[in-house]
Amino acid sequence: MVEGGRVIGNRVLIVEEQARWVRWIFERYAEGWSPRKIAGELNTRGVASPGATWKRSTRRKDKKWLSSTIYGDPERWSGVLHNELYVGVRVWNRSRRDVNPTTDQKVFLRRPADEHVRVEVPELRIVPDALWKRVRAREAWVRERYATA
C-alpha cells in the first residue's frame, strides 16, 4: 500500500483520509515540529501508521508511528517527508538487489541518480509545491544547523 493512496492492480488511487494526514505531517514539519513530536501527536490521536494493515507475524503490531517513518533517510528518499509521489513524481530504479558473493546474503545497492527513472504523475499530487519546498528548506536548515564538523 502507498500511504496517502491505495494500489489497485497497477493503479494508485488517492485515499483522501490518508492524504489529509500526509498533508498534516508536512504542515507540522514546515511549522517547526520535530518528526518525534509529529509521531507522538499522531499516536495520541490514534492515527494508524502506514504499516498498520500489513500482515505481520513477528515484527511490530502496535500500529504506532515512529519518527523514522516520518523523516526516513534523506539520501535514500525514504520516509513520508521524502516521498516524491506526494508531489506527483513516480521514481523507479533507485536501487538494485544483488547477492554478496562472500556471505551469500541479499543486499540492496543504491543506483546513481542518473539511472533513476522519473515519471510525472500530476493526478497523484497531494502536497502543494509550496509546502514541499517549505519542508525541503526546513530540512536544509536543520541539516546545516546540526551538521557535525
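In the stretch 93-114, how many are within 15 Å of R76 (Cα to Cα) and not acidic (D, E)? Selection size over the stretch 93-114: 12. Checking each residue in the stretch 77-136 for being hydroxyl-bearing (S, T, Y) and modelled with pLDDT of 90 or more picks out only Y86. Within the stretch 108-126, being over 28 Å from R96 (Cβ atoms) and among the aliphatic types (A, V, I, L, M) holds for one residue alone: I126. When G46 is tested against the conditions (1) exposed (fewer than 12 other Cβ atoms within 10 Å of the Cβ); (2) under 19 Å from A113 (Cβ atoms); (3) modelled with pLDDT of 90 or more, the lone failure is (2).
For the stretch 81-130, taking the residues that are in contact with a Gly (Cβ under 7 Å, 6 or more places away or on another chain) and among the hydrophobic types (A, V, I, L, M, F, W, C), the one that is surrounded by the fewest Cβ atoms within 10 Å (Cβ to Cβ) is identified as V121. Condition check: modelled with pLDDT of 90 or more, among the basic types (K, R) and either surrounded by fewer than 16 Cβ atoms within 10 Å (Cβ to Cβ) or within 20 Å of L131 (Cβ to Cβ) (or both). Does R36 satisfy that? Yes; evaluated as a whole, the condition is true for this residue. Considering the stretch 105-149, the residues that are in a helix (DSSP H, G or I) and among the aromatic types (F, W, Y) include one that is nearest to W21 (Cα to Cα), namely W132.
The values are calculated or read from the model by the stated rules, or taken from the named source; none is laboratory data. These figures come from a predicted structure and were not determined experimentally. No Cβ is skipped: glycine too gets one built from the backbone with ideal geometry, and neighbour counts run over all protein chains shown.
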